[in-house]
Amino acid sequence: MVASSLNYARSYAATSGKPARVLFYENGRCLRVEVPDDTSEGGRNMRELTTSAGRRRNLPEDVVVNRIVKVGSSQGTDYIEFDKLGQAEAAVIEIIDTGGGNKMYAVVDSITGRSRVYSRNELEESCAAVLE
């Protein structure tokens, strides 16, 4: 659900020519796609995208987005934003299954804006392959 929302926001931004972002809220248990509110002064406010893929989604009961880290930043954030070309800052989103203790990682590519979910082992192998 996290990767599909990220990929939808990327696609929306690239096809509409307007920025879009995925906002994680309610302690990482909900997400939604937001776009600029064209009716606000200067278009700086964001509004929920009301399409079926963009609307508010609750994560499964035992799943929570624990943290979002943008590459090159020590500050946490609660959203991933895509520019009008569909590009985003490189980021890693830690997703935890609180029932089973499993961790997964959604990785956002800065150039393509695409995201993919990895297990801890897959993420380590992927990083090791890049560094070799």
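Of the residues contained in segment 114-122, one or more are found to be over 17 Å from the mean Cα position of the chain (by Cα) and surrounded by 14 or more Cβ atoms within 10 Å (Cβ to Cβ). The set of residues in segment 1-56 that are within 13 Å of the chain's Cα centre (by Cα) and part of a strand (DSSP E or B) comprises A20, R21, V22, L23, F24, Y25, C30, L31, R32, V33, E34. Selection over segment 77-115 of residues that are touching a residue at least 24 places away in the same chain (Cβ under 8 Å), in a strand (DSSP E or B) and closer than 18 Å to R32 by Cα gives a count of 12. Take the conditions (1) under 19 Å from Y12 (Cα atoms); (2) in contact with a helix residue (DSSP H, G or I) (Cβ under 9 Å, 6 or more places away or on another chain); (3) charged (D, E, K, R); K103 misses just one of them, which is (1).
None of the figures in this text is laboratory data; all of them are computed from the coordinates on show. Values in this document were obtained by computation on a predicted structure and should not be read as measured data. When we count neighbours, we look across all protein chains shown, and the Cβ atoms used for this are built from the backbone with ideal geometry, even at glycine.
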